[in-house]
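> Have a look at this one.
The values are calculated or read from the model by the stated rules, or taken from the named source; none is laboratory data. This is a predicted model, so every value here is computed, not measured. Ideal geometry is used to build each Cβ from the backbone, glycine not excepted, and the neighbour counts take in all protein chains shown. Remember, those area values only see protein heavy atoms, side chains included, never the ligands or the DNA or RNA. Shrake-Rupley method; radii C 1.70, N 1.55, O 1.52, S 1.80 Å.
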Amino acid sequence: RAATVRLWGYNERQGSSQILALDPKTGKTREVLRTAGGSQSLRSHFSPDGRWVATTYDYENVVYDFRNNVVLIDTTSGAQRALAPELHVGEDLEWSPDSGALYASVLDGGFNGIRQLGVDGSVRILERGERYIDAFALAPDGTKYLSLTQDGQGRRELRLSDSNGSNPRVLLTIDDPTREFVMGEFREISWPSFDGMH
């Protein structure tokens with residue numbers, strides 16, 4: 001199996017970002033992905049079966065990472081395709097052990113949530129709204145995921161859920177300002193912008 005590295009290149013005309021696959025046995029590299037601009041969120045996540053490299057970057061605006069999308073790259077042919085292009089995701093991705101799906105944090109209004117994005121194009125909502133997920137990690141056996149969250153009152157928690165989003169529970173409350181302070185009302189509001197976003 002190869003490893004991948006991210007490179008940024010600059011010259012007087014145009015910057016670029018690349019993912020290169022490195023064969024540890026031969027030391028040779030090959031280009032997996034090249035984009036214009038400095039895609040700071042570009043990461044490489046090999047599927048467990050080695051068939052895919054998943055990454056996130058804003059292919060609608062390669063100059064600056066604004067609304068990132070998930071892109072799958074076939075490690076043999078180099079063909080690319082977007083997974084759920086209408087969703088805008090964070091940088092972290094986790095593969096299911098069977099290489100059939102990716103777990104991603106997805107923007108959801110003023111918060112975000114966890115979605116399972118199938119290689120077949122399916123999308124399953126596992127968690128949404130009411131809190132912001134700073135980070136998450138899928139267990140090696142794929143049965144559970146752990147998330148670090150913060151809600152609108154500043155409550156930070158370490159939470160554990162089954163991999164299908166069921167049985168969520170708080171393992172640890174790291175900070176809870178509501179125990180020390182009287183908090184005001186918190187409401188999420190939205191309005192359409194000129195480009196149709198809310």
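> Any chance you could check the Cα centroid distance between region 113-156 and region 40-59 for me, in angstrom?
18
> Also, I was wondering about something else. With every protein chain kept in place and ligands, DNA and RNA left out, what is the accessible area per residue of the chain? Probe 1.4 Å, answer in Å².
Heavy-atom accessible area per residue stands at 58 Å².
> With a point put 7 Å past each Cα toward its Cβ, work out how far L172 is from A82 in nm, to one decimal.
Calculated label separation equals 3.8 nm.
> What's the ranking of 120-133, 177-190, 160-173, 44-57 by average number of surrounding C-beta atoms within 10 Å, highest first?
Per-residue Cβ counts within 10 Å, averaged per peptide and sorted highest first, yield 44-57, 120-133, 160-173, 177-190.
> So if each residue of separation counts as 0.36 nm, and I subtract the Cα-Cα distance between E180 and D134, what length gain in nm does that give? Mind showing how you got there, number by number?
Working: separation 46, 0.36 × 46 = 16.56 nm, distance 2.30 nm.
Stretched out fully, the E180 to D134 stretch lengthens by 14.3 nm.
> If you average 1/r over every pair of different alpha-carbon atoms in region 83-134 and take one over that average, what Kirkwood value in Å do you get?
Hydrodynamic radius (Kirkwood, Cα pairs) of region 83-134 is 11.1 Å.
> Given the chain reduced to its alpha-carbon atoms as identical point scatterers, what log10 I(q)/I(0) does the Debye formula return at q = 0.15 Å⁻¹?
Here log10 of I(q) over I(0) equals -0.99.
> Roughly speaking, to the nearest percent, how much of region 21-159's 1.4 Å accessible area is carbon and sulfur?
Values: 3180 of 6570 Å².
Here it works out to 48 percent.
> How long is the gain from R187 to L22 if the chain were fully straight, where each residue apart is worth 0.36 nm and the alpha carbon distance is subtracted?
54.6 nm
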